[in-house]
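Read-outs throughout are calculated quantities, based only on the coordinates presented, and are distinct from any laboratory measurement. These numbers come from a predicted model, not from an experiment. Please note: Cβ atoms are built from the backbone with ideal geometry, for glycine as well, and neighbour counts cover all protein chains shown.
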Amino acid sequence: MRDSTVNSELESAAAVLQAENQEKPEIILQAENVGKVFPGKEGDVRAVDSVDLELRAGEIFGLVGESGCGKSTLSRLLLRLLDCSSGRITYHGEDITSLPSPQLQGLRRKMSLVFQDPNTSLNPRMTIYDNLARPFKIHNLARGREEITVEIVRLLKSMGLQAEHMIRYPHELSGGQKQRVVVARALAVDPEIIFLDEPTSALDVSVQAKILRLLARIKQEKDLTYFFISHDINLIRVISDRIGVMYLGKIVELGEVGDIFSEPYHPYTRGLFSSVPEPRPERKIETVLMGEVPSPVDPPEGCYFHPRCPEVMSVCRSKSPEFTIRQGRRAACHLFEKD
Amino acid sequence: MAAILTIKDLYLSFATEEGELEAINGLNLQINQGTIHGLIGETGCGKSVTGRTILGLFDSNTMIEGGEIIYKGEDLLRKTQHELQRDYRGNELAMIFQDPGSSLNPVFTIEDQLDEVLRIYQPASRQQRRELMITALKSVKLPDPARLLKKYPHQLSGGMKQRVMIALNLACQPSLLIADEPTTALDVSIQAQFIQVLKDLQQQIDITILYITHDLAVISEICDRVSVMYAGRIVENVPMEGLFNNPVHPYSKLLVSSVLGPDTDIASLTEIPGSVPRLINPPPGCRFHPRCQLDRPECREKPPELRQVAPDHQVACFKEEEK
C-alpha cells in the first residue's frame, strides 16, 4: 500500500520534472519549508508555516488569501526584509537565508517592491525627483544631477508621465500617478523580480486597469518576473501564470492558474472562489464559506481549515495534511492525498 | 412602485481654502420602496456625501445651495437638526459605514451600545430590551448572542462588528438603511456572508436599502436598481441587469468594461482616459466631456438632463437626447 503511494508520487514527480525540462523554466527564487514565528503576549504567532514554493523566470506568480493569512509576511521573508525562523531560501541556487547585510545590498537591486498605498510609500516632503533619485544614489547607478535627471525623465516617460512631474510633490499627483511613480522607483534599479503587494487595491477600477496594463507592458519590455500579492481573486486570475492559495500561514494549493480555476482541489480554494462576486447579473454567490479564519495564536488541531471545511473527515481533526504533488499540481488536503 | 425617497436638483458645496468645491451638482435620485438601490461611482464622486446628506450629517463647511430631499412626503432639508434627531435618525433612517471598527465605541461592551440605542428608541423594560438585543443579533446570524453581548468591539472580527452595526441599526426598525461601502474593509468570504445576511433581512422585513459602493461586482450580487454617479451628478439610472447588459452613458460603459471578471484579459481591459476632475472649478457643461469620446460642442455648454431612454432607464447624455 505504502509502496504504491510512494511509486505514484515518484511517477508524478518525474512527470513534473519532465514537463519542467521541456519548458526549461529557470527557477530564480525558491523557498523550502520556510516558516516565521512572531513571539506574542498570548503565545507565538505562526505567521508563515512550512511554505514551499518557487518563482520561475518570466512568470507572474499570484499569491491569494484573506487578510492575516501571511501573504505579506511571506513576501518579506523572500525579500529578506524579515529573517526566517526556519527553512531555506535560495536565489539562483545560492542560499540567501542568512546572507549578512553587506551582501544584501546587491540582492536589493535584483528584487524590488511595490506596496499597496502609494500615499505612504513616497516621502511627502520630497519632490518626485528626490524620491526617484534615491535608488540611483544608494546603488551608485548614476552620478551627478544631470545623469540622474536623464534617468528619471526616461523612467517617468516609460510610465506615461511627463518630465515636469519631476518637480512636483506627491500630494500634487493623483493616486494612479503616484502609484506609477512608485513602480518607476521599483524599476530604477533594473531588477529581476518585482514584488507587488496589492498594488492596485487603493485605486479606482478605471485607474486599476491602467496600472495593470502598464505592469503587463513593462514586464514584456524588461523581461521581468512578478510576485503578485492580492486578496482580489478576479485580479489574480486575470494577471497570473501560476497561483498559490494561502490559509493561516500555509500554502494550501499551488499550480497553473487555468488548472486551479477550472478545478480547484482544496475545499478552501473552492469556498474562496465561490465567495467572489462576479460582475455578471446572472451569476450569484451560491455557497458561502461559513465561519471565520481562526486565530494564528491558537490554530485548530490537525488541518487548520477543518472547522470551516464542508468536507471534513475524522483524520482532518487530528493530522495535518502534507503538501502533496500530483500531475504538476500541489495541494495540502487529505482528500487530495486519498484519491 | 412608490418612491420612499426622492432627491430633486440637489446642489451642495464645501467651502475650502482653495475655493468652493462643488461636490453635488444637480443630483436627481429616486429610491423605490422595498428595493436595494445601488449608488456607484469612483472615489470623490460624491456618493458618500449624498448618503450623509440624506441623514442631515453635515460638516461645518457644508453649504446646501438648493434642492429637496423628499422622504415620505416631507422635505428633510427643511428639518432642523433637532427634528431630524427626534423624528428620523434611528427609527426612520439609519446608516452603516465602511469601517465597523470606528463606528463602535471601543470602551463599551456590545450590550452597552445596543442598550443605549434601545433605551432611546424602544420603550421597554430591561428584560424586554435584552430579549430584543438577542433577537437582533440572531437576525444577523451571529452565533451565541448572549455571550457576544458581554464582549468589547476589539474581541470581534471585522465581519462580526459589521453585523453588530446592522443589528444596532435594525433594532429601531428603520424604513431606509443607507449602507456606505459596508463590505469594503471585509474579506471576500466574510463579504459573501454579509451580503447573504443583508439579502435575507431585506426579504424578511420591510426595509429599503441604499447601497453605496465602488464595486460593480457587489452591485450585481445585491441590487435591484443602480444609479451611476460621476462628479456630483447621476449620469444613469437603470435596473441592475441593464447596467451590465446595456449601459448607455459613455461613463457607465467604460466603468462596466474596466471591471475585472473571470473572462477578462489584460490586453482588452478598458481604461478611462484622464482622471476624475477636481470639483473646485470643474469642467463646464457635462463634467465627463474631457474624458469622453463623444465630446461635442454642446457638451461643453450645459450639463445634460436625465432623459428616459427606456422604461425605468434614464440617461444624462446629449447623444441620447438626439435619438
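Please name which of A:Tyr226, A:Pro279, A:Tyr247 has its Cα lying farthest along the dipole of the range A:179-280 towards the positive end, using unit charges on Cβ (Lys, Arg +1; Asp, Glu -1) and the Cα centre as origin. The one lying farthest along the dipole's positive direction is A:Pro279. Shielding value for A:283-295 is 5, the average number of Cβ atoms from other chains within 10 Å of each residue's Cβ.
Under 37 °C and 0.692 mPa s, how fast does the protein assembly as shown diffuse according to Stokes-Einstein, given a Kirkwood radius computed over C-alpha pairs? Answer in µm²/s, whole number. Estimated via Stokes-Einstein, D reaches 120 µm²/s. A straight Cα-to-Cα reach below 24 Å connects A:Lys250 with the lysines A:Lys36, A:Lys41, A:Lys71, A:Lys319, A:Lys338, residues fewer than 8 places away in its own chain not being considered. PRE reach from A:Ser86 (point 7 Å along Cα→Cβ): which of the range A:51-70 fall under 11 Å by backbone N? Those under the cut-off are A:51. Computed from label points 7 Å out along Cα-Cβ, the spacing between B:Ile205 and B:Arg147 is 2.5 nm.
For the range A:301-339, trypsin sites (Lys or Arg not before Pro) meeting the loop criterion (DSSP other than H, G, I, E, B) and having at most 15 other Cβ atoms within 10 Å: A:Lys319. By the Stokes-Einstein formula, at 1.567 mPa s and 4 °C, the range B:108-173 with its Kirkwood radius over alpha-carbon pairs has D equal to 112 µm²/s. The modelled label-to-label distance between B:Ile266 and B:Tyr11, using points 7 Å beyond Cα along the C-beta direction, is 4.7 nm.
At 222 nm, what value in deg cm²/dmol follows for chain A if DSSP H runs of at least 4 each add -39500 (n - 2.57) and the sum is divided by all its residues, to the nearest 500?
-11500 deg cm²/dmol
Averaged over the residues of peptide A:265-275, the number of Cβ atoms from other protein chains lying within 10 Å of each residue's Cβ is 2.
Between B:Ser125 and B:Glu301, 0.36 nm times their residue separation minus their Cα-Cα distance comes to what?
Numbers: separation 176, 0.36 × 176 = 63.36 nm, distance 6.19 nm.
In short, 57.2 nm is gained.
Ordered by the number of other Cβ atoms lying within 10 Å of each residue's own Cβ, fewest first, A:Ser201, B:Ser13, A:Ser85 fall into the sequence A:Ser201, A:Ser85, B:Ser13. Shown for B:Asp312, A:Asp259: other C-beta atoms within 10 Å of each C-beta, ranked fewest to most, produce the order B:Asp312, A:Asp259. Potential lengthening of the chain between A:Glu322 and A:Arg143 amounts to 59.2 nm, from the contour at 0.36 nm per residue minus the alpha-carbon distance. Each Cα pair under 8 Å and six or more residues apart adds its sequence gap; the mean of these over the residue count of chain A is a relative contact order of 21 percent.
Could you state the number of Å between the C-alpha centres of the range B:224-290 and the range B:76-96? With the range B:76-96 and the range B:224-290 each reduced to a Cα centre, they are spaced 32 Å. Relative to one another, the C-alpha centroids of the range B:16-39 and the range A:105-177 are positioned 38 Å apart.
For chain B, the longest principal axis of the C-alpha atoms and the axis of helix B:158-170 are separated by about 80°. The charge dipole of the range B:108-173, taken about its Cα centre with unit charges on the Cβ of Lys, Arg, Asp and Glu (plus for the first two, minus for the last two), comes to roughly 160 debye.
From helices alone, chain B scores -8500 deg cm²/dmol at 222 nm; the rule is -39500 (n - 2.57) for each run of n ≥ 4 DSSP H residues, then divide by the residue total.
Looking at the protein assembly as shown alone, DSSP beta bridges between its own residues are antiparallel in about 60 percent of cases. For the cross-link pairs B:Lys8/B:Lys151; A:Lys137/A:Lys210; B:Lys72/B:Lys319; B:Lys199/B:Lys253; B:Lys161/B:Lys253, the ones whose C-alpha atoms lie over 32 Å apart are B:Lys8/B:Lys151; B:Lys72/B:Lys319; B:Lys161/B:Lys253.
Arrange A:Val150, A:Val312, B:Val140, A:Val114 by Cβ neighbour counts within 10 Å, fewest through most, would you?
Working: A:Val150 12, A:Val312 17, B:Val140 22, A:Val114 25.
Fewest-to-most Cβ neighbours within 10 Å comes out as A:Val150, A:Val312, B:Val140, A:Val114.
Contact order, relative form, for chain B: 21 percent (alpha carbon pairs under 8 Å, 6 or more residues apart, mean separation divided by residue count).
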